[in-house]
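Shown next, in structure tokens, is the structure this report addresses.
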């Protein structure tokens, strides 16, 4: 490290220019990165709904209806004319209306009233259409212009279009709030007006490079786009703070700034590397998820942490040596007072804290495992047009969720029997298929291709059914299971289904199976890092117990509030909170281990807390601020809930590290001495 730092600092200007140029180039590349807003695309390839969508695209050239369009009409011919307008629009691949379900050559009075009122009621027509993936934003905007203020739109395509419009602005808004907040926090805890700008410059360069290099990945999810830069900034800022503080200390030992920086890089490297490693392994665990949002987020966060580490260890020393005089000229007294009595306060509270934690650990663990989960994108603001339109459509026509069944072609009798069985199921409000549209006895060749092509491809027959359930939930998922059971009873093999409810059902199955795998990998990998860091059997257990307790309490809050929690947020926070906040426990325990070699347990703990509580407080303030910024600025339920969990979880981790962990260290001090290699703890 000494030889490498000497070589790098010798070319400090070239290093500075190289990193700044890379940041500028990547900043220009970032707008070109493709963003995917469709959660269903991240289901595993072997999920049956994924296979169904592939078959739909290959055999029928379309997908599941994903938008409901309601407009006022005065007659059936006017509704049919509007349907032709919809079919002619670029971005719409298919439109279904009443004429897709019944023969309109007959008078409406002779048709089934339930079927008619599914599409035509109270002077309004309701169309089910399919918006092509990737065209949601442009198509929905064109549809709003077409239907005007009297019409209404709802469905998955509208939600995706809304997310597309808000993603860029919300990420920027979160950064505009977070960066000044971080500057304020750093100014309060540092002794130079310019020092916070150096911290942000080092990590900001890494964030820009990370965002720009996503271009070479093809595309990233909208969740990764919204969460990754903010998490990277908040989690890795500690590396820059630690290096510059080490530089300030080394300058007291030597007058040569370059020599001081070399010493600082050498001394800071192990601590920064250990901190980065624990965070890195927490994020790596996400890559083992079958639900591909996990690997997508993992790749970006791992890449971001590595870039931040390189930026802090290469770029920051170079740019600091170029402009260190600015830091010297802007020195000031620390704005916040130090509280030397915090160690004694924590020692006095250790018994009540231990008792309280023993009472909370088991209920917290049990409660977090019983939280009610959601799996979709969630609702927007009740005041948004999206929600008002959805309410207007539901008030007139009721709730409706489309499910598409693909069954082997050829057995018309089985197809007719399946249609009759589906109509009898609870919550099924309509079935559209060849056998409901035309007499099953009529040969396909005698009908117009525009009729048969809707329902038959070379290998499959398509049945579209509508339910009055929400897109997800116990009732919706039970209905999906009943539909699939009915189809399998007549077609034991080769049945596929898709639709938003089915996608979310598969998502639930996938992410539930991911939970144990991801958590186990994160725990084992971080435990190994702690084992190597402390060379102890007991230290890792106490550190993991502290952070896991904070995670359990954090995730138990929705259960006691009787509210739902998005499962993706639940899954991600398990690894992110563990990987990001275990650093606080490492810092406190490592300093205690050092102090314990020269002092008795209580005195060592008191000194450790007094010397290090500010560092933990600064780091936790920044990370929790990042979480709460996501919570306050995002209209997307997944991102907002993830932000709230991160903000609350960081504060809980900080409090438990400052109060619960010291109590554990003192209680298990004799065991720590025995189970730690070369502990050399002080004895009277």
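The values are calculated or read from the model by the stated rules, or taken from the named source; none is laboratory data. What you are looking at is a predicted structure, and each value in this text was computed from that prediction instead of being measured. Cβ placement follows ideal geometry from the backbone for every residue including glycine, while neighbour counts extend to all protein chains displayed.
Taking helices (runs of 4 or more DSSP H) that fall entirely within the stretch 262-368, which contain at least 3 residues that are out of contact with any strand residue (DSSP E or B) (no Cβ under 7 Å at 6 or more places or on another chain), touching a residue at least 24 places away in the same chain (Cβ under 8 Å) and within 28 Å of residue 220 (Cα to Cα)?
Values: elements: 293-310, 316-329, 342-368.
Here the list reads 293-310.
Among the residues making up the stretch 586-607, those that are surrounded by fewer than 18 Cβ atoms within 10 Å (Cβ to Cβ) and touching a helix residue (DSSP H, G or I) at 6+ places or on another chain (Cβ under 7 Å) are 599, 602. Hey, could you check the stretch 282-291 for residues that are under 10 Å from residue 305 (Cβ atoms) and modelled with pLDDT of 85 or more and say which is surrounded by the fewest Cβ atoms within 10 Å (Cβ to Cβ)? Ranking the qualifying residues of the stretch 282-291, first place goes to 284. Of all the listed residues (584, 613, 592), the sole one being within 21 Å of residue 203 (Cβ to Cβ) and more than 16 Å from the chain's Cα centre (by Cα) is 584. Within the stretch 100-122, not a single residue is surrounded by 13 or more Cβ atoms within 10 Å (Cβ to Cβ) and closer than 30 Å to residue 33 by Cα.
Once the stretch 463-487 is narrowed to residues that are farther than 17 Å from residue 431 by Cα and part of a helix (DSSP H, G or I), the residue that is modelled with the lowest pLDDT is 474. Residue 264 fulfils the conditions (1) at pLDDT below 90; (2) under 18 Å from residue 576 (Cβ atoms); (3) surrounded by 21 or more Cβ atoms within 10 Å (Cβ to Cβ) except for a single criterion, (2). Total residues in the stretch 178-192 satisfying the condition of being surrounded by fewer than 19 Cβ atoms within 10 Å (Cβ to Cβ) and in contact with a strand residue (DSSP E or B) (Cβ under 8 Å, 6 or more places away or on another chain): the figure is 1.
Take the conditions surrounded by fewer than 24 Cβ atoms within 10 Å (Cβ to Cβ), out of contact with any strand residue (DSSP E or B) (no Cβ under 6 Å at 6 or more places or on another chain) and modelled with pLDDT of 90 or more and apply them to residue 555. Does it pass?
Numbers: surrounded by fewer than 24 Cβ atoms within 10 Å (Cβ to Cβ): no; out of contact with any strand residue (DSSP E or B) (no Cβ under 6 Å at 6 or more places or on another chain): yes; modelled with pLDDT of 90 or more: yes.
Judged against the criteria, residue 555 is not a match.
For the stretch 637-653, filtered to residues that are surrounded by fewer than 24 Cβ atoms within 10 Å (Cβ to Cβ) and within 17 Å of residue 162 (Cα to Cα), the residue that is modelled with the highest pLDDT is 640. The residues on offer are 130, 171, 118, 139, and the sole one that is farther than 28 Å from residue 456 by Cβ and in contact (Cβ under 8 Å) with a residue 12 or more places away in the chain is 171.
Only one of 174, 161, 137 is within 17 Å of residue 89 (Cα to Cα), crowded, with 19+ Cβ neighbours inside 10 Å and under 25 Å from the mean Cα position of the chain (by Cα); which?
On the way: 174 fails: within 17 Å of residue 89 (Cα to Cα); 137 fails: crowded, with 19+ Cβ neighbours inside 10 Å.
Checking each option against the conditions leaves just 161.
When 84, 34 are screened for being surrounded by fewer than 16 Cβ atoms within 10 Å (Cβ to Cβ) and touching a strand residue (DSSP E or B) at 6+ places or on another chain (Cβ under 6 Å), only 34 passes. Residues that are modelled with pLDDT of 90 or more and closer than 30 Å to residue 516 by Cβ are absent from the stretch 375-383 altogether. Each residue in the stretch 392-417 was checked for being out of contact with any strand residue (DSSP E or B) (no Cβ under 7 Å at 6 or more places or on another chain) and either assigned to a helix (DSSP H, G or I) or within 20 Å of residue 503 (Cβ to Cβ) (or both), and 8 pass.
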